[in-house]
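Here the structure is laid out as C-alpha cells; the discussion comes afterwards.
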Amino acid sequence: SQTIHQWPATLVQPVGSPLSLECTVEGTSNPNLYWYRQAAGRGLQLLFYSVGIGQISSEVPQNLSASRPQDRQFILSSKKLLLSDSGFYLCAWSRTGTAGNTIYFGEGSWLTVV
Amino acid sequence: QKEVEQNSGPLSVPEGAIASLNCTYSDRGSQSFFWYRQYSGKSPELIMFIYSNGDKEDGRFTAQLNKASQYVSLLIRDSQPSDSATYLCAVKGVSGTYKYIFGTGTRLKVLA
C-alpha cells in the first residue's frame, strides 16, 4: 500500500530564517506531487505541483520554492520566511494518468513564523 | 467567481439526521469530484469521489453530481457527533491537467 510522510510536524521559525519541509511517498512510482498551504480558517491553496523529477510548476508567486530531487521526494523551501508564511502545509500525491485519480495527503506540517 | 464554492457554515444537525453539504464549481470541463473530511488540526481524508452524473453511495455517505448545473453534494445519513468536522469539496479538471482545486469547506456540527 502507498504511504506519504512529511516532516517536521511542527516548527516555530523567526522571520527571515530559512525553511525546509520534506515529503516522501512510498509504495508507488512516478507520482504527481503537490504542496498545499492552509492558512487559519482558510481553504487549501495550491503552491506547487510536480509531475516528475526536476519538473516543478508554481501556482503562487512568493518567497517559497519547491524541488523534487528524487522520484518520490518533494521539498518545500524558503530562504527568508515572512510572517504571512505561517500556516498548515500539506504534501500530497496522486497517480498519473486518468482523471479519476484521488489525491492523498500527508499528516501536515504546522509552521508558525514569529 | 471562485472556482469551487461551498457555504462555510456551520451547518448544525441533530444526531441521527441527514446532513446535506453542497458545492458548486465554475469549470464546465471538470471531470472528477471529491469529498474530504478534515478534523480540526488534521489533514484532509478522502470520503469518496464521483465522476458520473447521478448518485454514488458508500455506507452512510451519498455523493450526488449534476454536471449540467455544475453542482455536487454530499449527504450523510444517520449523522453522528463523530461526523463533526469540516468537509472539503475538490474538483479536478480535464484529463491531462494535474490540479485539484479545493473549496474552503463547510463546517458540520452534529449535536448529540
Top-ranked residue of region B:78-105 - restricted to ones that are open to solvent by 70 Å² or more (accessible area, probe 1.4 Å), within 14 Å of chain A (Cβ to nearest Cβ) and in a loop (DSSP other than H, G, I, E, B), ranked as farthest from B:Gly41 (Cα to Cα):
B:Tyr98
Filter region B:45-61 for residues that are out of contact with any Lys or Arg (no Cβ under 7 Å at 6 or more places or on another chain) and either in a strand (DSSP E or B) or in contact (Cβ under 8 Å) with a residue 24 or more places away in the chain (or both) and give the result.
B:Leu46, B:Phe49, B:Gly54, B:Asp55, B:Lys56, B:Glu57, B:Asp58, B:Phe61
Go through A:Gln38, A:Gln70, A:Gln62 for me and flag whichever is touching a residue at least 24 places away in the same chain (Cβ under 8 Å), of a type outside the set (Phe, Trp, Tyr) and either closer than 22 Å to B:Ala90 by Cβ or open to solvent by 20 Å² or more (accessible area, probe 1.4 Å) (or both).
A:Gln38
Output for region B:1-44, where each listed residue is assigned to a strand (DSSP E or B), touching a Gly at 6+ places or on another chain (Cβ under 7 Å) and open to solvent by 70 Å² or more (accessible area, probe 1.4 Å):
B:Glu5
Tally up the residues in region B:56-72 that are out of contact with any Ser or Thr (no Cβ under 9 Å at 6 or more places or on another chain) and open to solvent by less than 40 Å² (accessible area, probe 1.4 Å), please.
1
Which one of A:Ser84, A:Ser20, A:Ser1, A:Ser29 is loosely packed, with under 14 Cβ neighbours inside 10 Å and under 24 Å from B:Trp35 (Cβ atoms)?
A:Ser1
Would it be correct to say that B:Arg37 is touching a strand residue (DSSP E or B) at 6+ places or on another chain (Cβ under 8 Å), within 14 Å of chain A (Cβ to nearest Cβ) and among the basic types (Lys, Arg)?
yes
Pick from A:Thr98, A:Thr112: which is modelled with pLDDT under 95, surrounded by fewer than 16 Cβ atoms within 10 Å (Cβ to Cβ) and not acidic (Asp, Glu)?
A:Thr98
Looking at B:Leu75, B:Leu108, which one is over 25 Å from A:Asn30 (Cβ atoms), surrounded by fewer than 21 Cβ atoms within 10 Å (Cβ to Cβ), of a type in the set (A, V, I, L, M) and more than 8 Å from chain A (Cβ to nearest Cβ)?
B:Leu75
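The values are calculated or read from the model by the stated rules, or taken from the named source; none is laboratory data. Just so it is clear, the structure is predicted and the values come from calculations on it, not from any experiment. Using ideal geometry, Cβ is built from the backbone for each residue, glycine included, and neighbour counts are taken over all protein chains shown. These accessible areas exclude ligands, DNA and RNA; they are computed on the full protein's heavy atoms, side chains included. Shrake-Rupley method; radii C 1.70, N 1.55, O 1.52, S 1.80 Å.
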